[in-house]
There are 2 protein chains.
Amino acid sequence: MRPTIYDVAHKAGVGIGTVSRVLNNSGKVSAATRKVVNEAIVALGYKPNSIARQLSLKTRIRNIGVIMQPFVHYQSFIEQLRGMQKALNDRAPDYELVLYTVSSLEHYRERLGTIVQMAMVEGLILTLDLSEEQLDMLGNAKLPIVGINHLANPSWPSITSNDFEGGYLATSHLIELGHRRIAYVGDRFVEDYTLNTSRQRFLGFRQALQDAGLPLSDDYLQLGTFGFDEAKAHATRLFTQTTPPTAIFAMSDIQALGCIAAAKESGLLVPDDVSVIGYDDLELSYHTGLTTVLQHLELAGRKAVEYLLAVIGGDEQKPPRLPPLEVIKRQSTRALSPRQ
Amino acid sequence: MRPTIYDVAHKAGVGIGTVSRVLNNSGKVSAATRKVVNEAIVALGYKPNSIARQLSLKTRIRNIGVIMQPFVHYQSFIEQLRGMQKALNDRAPDYELVLYTVSSLEHYRERLGTIVQMAMVEGLILTLDLSEEQLDMLGNAKLPIVGINHLANPSWPSITSNDFEGGYLATSHLIELGHRRIAYVGDRFVEDYTLNTSRQRFLGFRQALQDAGLPLSDDYLQLGTFGFDEAKAHATRLFTQTTPPTAIFAMSDIQALGCIAAAKESGLLVPDDVSVIGYDDLELSYHTGLTTVLQHLELAGRKAVEYLLAVIGGDEQKPPRLPPLEVIKRQSTRALSPRQ
DNA sequence: TTGAAAGCGCTACCAT
DNA sequence: ATGGTAGCGCTTTCAA
C-alpha cells in the first residue's frame, strides 16, 4: 500500500493539515515542523496522490485522447497529429493531448474499454476502425468521438477523405500525361483494424483505367506491406519486366519515394523514363519534388479537434468537411515521351 | 456548476447508489428505475466526474509527460517521440504518454508549474532548457525528470548528444574528401528556450576547420531561422558568390535538403558540383540518400523513457549514455573533383 | 431492488 | 503555527 498523507502525519507526529501545508508551501509552517515532515516524507517515500488532490481542488484536467497505430511507419499520422496540436493550442490551450498507441486489434479493444470506463478523456479521436459493439459502448458512455479518414460506419462522425476519388485523380493525371502502361504499388488489402485506404485508392485507380479504356495487367499490381523498402523492391520488380510500366501510382508518398529510389538504382530517370505519383502530400514530398495527391492531413487533424471541442462544448453539429482532393504537380511526373 | 450524481439522483427520485449502478451497469436495477435515471441524466446533461471515480476506484492513471516545442518544424522530435512510444509500449504499456507542447518561454514556465503542481504525471521528459528556479521546483516536487539533448545543467539527468563533436565529425568528413571551401548553414544562435545545438555544432565546425588549417570566411556562414525554405535561400546566396563553396555543412537534415534543392535550382549537381552533409539522420534522409550525422534520435527517446521508468520504480541510477555519433555516408557528398 | 453511509486521499477552513 | 473537520463526486458495501 502506498503511504498516504495520514501515514506521513502520523510518522511526523503532526496533523494532516500541516503535512498538506508543507507539501504546497502554503500557510505558515515553522522551520522545525517542516523539517520533521519532510523527513517523514522521505522516510516513507511518500508521493502525493494527484487524483485526490484534483478532486479536492476541483481542477479537472481536460484531456483529449488520440488513439492511433504506433506511428512507426506512418508519417501521415504525424501530419494529422500536428494539426491536432495546433488546433488545441489555438482553441483550447487548457486541454492536453493524450496519445494512446495500440499495437493490435485486441490491444485496441482493451485499451478503448479502459479509456472509456475510466473516463480518462473528454473526447476521443480515432484513426482506426470500430466494431458495432464498440460504437455502442461509446454511445452508452456518451463520450464524444470523431474518426479520421473512415468510411466504415456512417453513423459515426468522421472527418473523411474520399480515397476512391483520390485514386481516380492520381491515375487520371498519369493518363492525361499520355501514359498507358500504369502500375499500382500499395498495401495489401487486409481485413483488420488498419485503414481500408489502399483498397479504395486501388478501386479509384482501376476505375480510371477502365474509363480510359486501358487494360489492367496483373503484372502491374504490386501489393505488399507498407514501407519504403518494400515499395522499392516492388518497383524494381516492375522495372525488370519485359514491358515495364512508364508510370507508377504509389498509394503513399513514402512508397512513391521507394519507387523513385528503385528507378534510380535501375538506371532510370524520374520523370524522364518513368513517372511516379504518390499520395498524401507529406511535408517531405514538397522537399523532394514529388507529384502527389494532397489530402489535407494536417487540416484533418485540426478539424477533428475543432469538431470534438464543439461537441464537448455541447454544440451538436455535423462533422466538418475537408476541401476537395487535388493533384499537386511537381517534378516526378511528366508527359510520356517518344522514347518511352 | 456541473450536475453531480446527487442532482441526478434527486431529479430521478432515487439514491445515488442506484444512479451509480445504472452508470456502470453493475448490480441489479429494475428496467423502470433505469429508465427514469437515464432520463434524468439526459435532462441534466450529466457527465460523470472521472477524477472522483478514479479516487473511489483507487485506479491511478499512470502518465508520463513530454514537454516539447510544437513540433511543427522539428521532424527530429518525431523520431524521439517514436522511440519513447516504442519503449513505453515494450516496458510499461500501462503508462500513457501525454504530450505538452509549449509555444513560448513564458508558456513553458506556466505549463511546467501546473503540471507539477497538479501532479499530472509521474515523470517528465523535457526537450527544453530549464532555469535554476525551475529545477528547484522540480526537485521539491520530487518529480522524476530527464532531459534530452541538453548540456545546460550537469546536475540534471539528461540523455545528451555531443553536438560539438558532431559538428567536428561532419566537417572533418568534408575535409577528408578534399574540400577546402566549406560553408555552414544553420540556425541563428539565440538565448532562449530553444536548443543550443546550432552553436555547438558550429563550434565543432569551426574547430575542425582550424585544426585543418582552413580559413573560416564570414561569407560562408549562413545563419537564419530553422526550415527548408530558409536554408534553400541561404544556399542560393552561397552559390551566387564569386567563389562559391564546394561543400556545405547544414546543421540539420531538413536544412541540408533545402541546400540540395537550391543547388538543383542553381543548375548545380549534388554531389558532383557541391557536397552537402546534414545532421540528424532522419528517416527521410535514408530515403533521399543524404549524407548526415547519425545522432540516434529514436534511441534517445527510448532511453529517456527507460531511465524515467527506472527512476519512478525507485531505482536511482545514472542516465544512460548514447552510442557515439557517426557520419552516415550516402550520396550527397563526394571527393572534390578537379573541375571544382 | 434499493437507500444510506462509509471511505477513497487530499485541501482549506475554523478553531485553538 | 497547528490540529480537527468538512467537503470534493464517486463506488461499494450493508441493511432493509
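One chain, two ends: B:Tyr6 and B:Ser131. Fully extended at 0.36 nm per residue, the span grows by 40.4 nm beyond their Cα-Cα distance. Split chain B at each of the GluC sites (Glu not before Pro) in a DSSP loop with at most 14 other beta carbon atoms within 10 Å, and the longest piece is B:1-190. Inter-label distance, B:Arg180 to B:Leu57: 7.2 nm, where each label sits 7 Å from its Cα along the C-beta direction. Paramagnetic label reach from B:Lys35 (point 7 Å along Cα→Cβ; backbone nitrogen cut-off under 20 Å): within region A:105-143, residues A:140. Contact order for region A:1-59, expressed relative to its length and based on alpha carbon pairs under 8 Å spaced 6+ residues apart, stands at 40 percent.
For A:Met68, A:Met137, the sequence from fewest to most other C-beta atoms within 10 Å is A:Met137, A:Met68.
Round to the nearest 0.05 the FRET efficiency obtained for B:Lys318 and A:Ile16 when R0 = 22 Å and r is the Cβ-Cβ distance.
Step by step, r from the Cβ atoms, then E = 0.05.
For B:Leu57, inter-copy separations between label points set 7 Å beyond Cα along the Cβ vector come to 2.3 nm, shortest first. The ranking of B:Val8, B:Val185 from fewest to most other beta carbons within 10 Å of each one's beta carbon is B:Val8, B:Val185.
Loop-resident trypsin sites (Lys or Arg not before Pro) (DSSP state other than H, G, I, E or B) in region B:220-323 with no more than 15 further Cβ atoms inside 10 Å of their Cβ: B:Arg321. Bridge orientation summary for the protein assembly as shown: considering DSSP beta bridges with both residues in this region, about 15 percent are antiparallel.
Could you give the length gained on full extension between B:Ser337 and B:His107, defined as 0.36 nm per residue of separation minus the Cα-Cα distance, in nm?
Net length gain for the segment: 77.7 nm.
Kindly identify region A:163-295 as rounded, prolate or oblate by the Cα gyration tensor criterion: order the square roots of the eigenvalues as a ≥ b ≥ c, call it rounded if a/c is under 1.5, otherwise compare a/b with b/c, prolate if a/b is larger, else oblate. Here region A:163-295 falls in the rounded category.
Between A:Leu203 and A:Phe189, the distance separating the two model label sites (each 7 Å from Cα on the Cα→Cβ line) works out to 0.8 nm. When only Cα pairs below 8 angstrom with a gap of at least 6 residues are kept, chain A shows a relative contact order of 17 percent.
Of B:Thr171, B:Thr225, the sequence from fewest to most neighbouring Cβ atoms within 10 angstrom is B:Thr225, B:Thr171.
Distances between equivalent label points of A:His107 across the copies, with each point positioned 7 Å along Cα→Cβ, amount to 3.1 nm, shortest listed first. Region B:242-297 and region A:95-148 have Cα centres spaced 42 Å apart. Is the shape of region A:1-59 best called rounded, prolate or oblate, per the rule: a/c under 1.5 gives rounded, else a/b larger than b/c gives prolate, else oblate, with a ≥ b ≥ c the square roots of the Cα gyration tensor eigenvalues? Oblate, because a/c is 1.5 or more while a/b does not exceed b/c. Dividing the helix sum by the residues of chain A, where each DSSP H run of 4 or more adds -39500 (n - 2.57), gives a mean residue ellipticity at 222 nm of -14000 deg cm²/dmol. Checking every one of the trypsin sites (Lys or Arg not before Pro) in region B:1-55 against DSSP loop status and a limit of 10 other Cβ atoms within 10 Å picks out B:Lys28.
Once the C-beta distance of B:Gln210 and B:Ser155 is scaled by a Förster radius of 25 Å, the resulting FRET efficiency is 0.20 to the nearest 0.05.
Other chains near A:116-125: what is the mean number of their Cβ atoms within 10 Å of each residue's Cβ?
Neighbouring Cβ atoms belonging to other protein chains average 3 per residue here.
For B:Lys329, the lysines whose Cα falls under 30 Å of its own Cα, not counting residues fewer than eight places away in the same chain, are A:Lys232, A:Lys264, B:Lys86, B:Lys232, B:Lys264, B:Lys303. Take A:Ala31, push a point 7 Å out from Cα through the beta-carbon direction, and compare it with the same point in every other copy: 7.3 nm, smallest first.
Sort the protein assembly as shown into rounded, prolate or oblate with this rule: let a ≥ b ≥ c be the square roots of the eigenvalues of the Cα gyration tensor; rounded if a/c is under 1.5, and if a/c is not under 1.5, prolate when a/b is larger than b/c, oblate otherwise. Oblate. As a calculated quantity, the FRET efficiency between A:Lys329 and A:Leu221 at R0 = 25 Å, using C-beta atoms, amounts to about 0.50. Beta-bridge orientation, chain B: approximately 10 percent antiparallel, per DSSP, counting only bridges with both partners inside. Mean per-residue shielding of peptide B:42-54 is 5, counting Cβ atoms of other chains within 10 Å of each Cβ.
Throughout, read-outs are computed from the coordinates displayed, never taken from laboratory work. Keep in mind that what you see is a predicted model, and the values were worked out from it rather than measured. Using ideal geometry, Cβ is built from the backbone for each residue, glycine included, and neighbour counts are taken over all protein chains shown.
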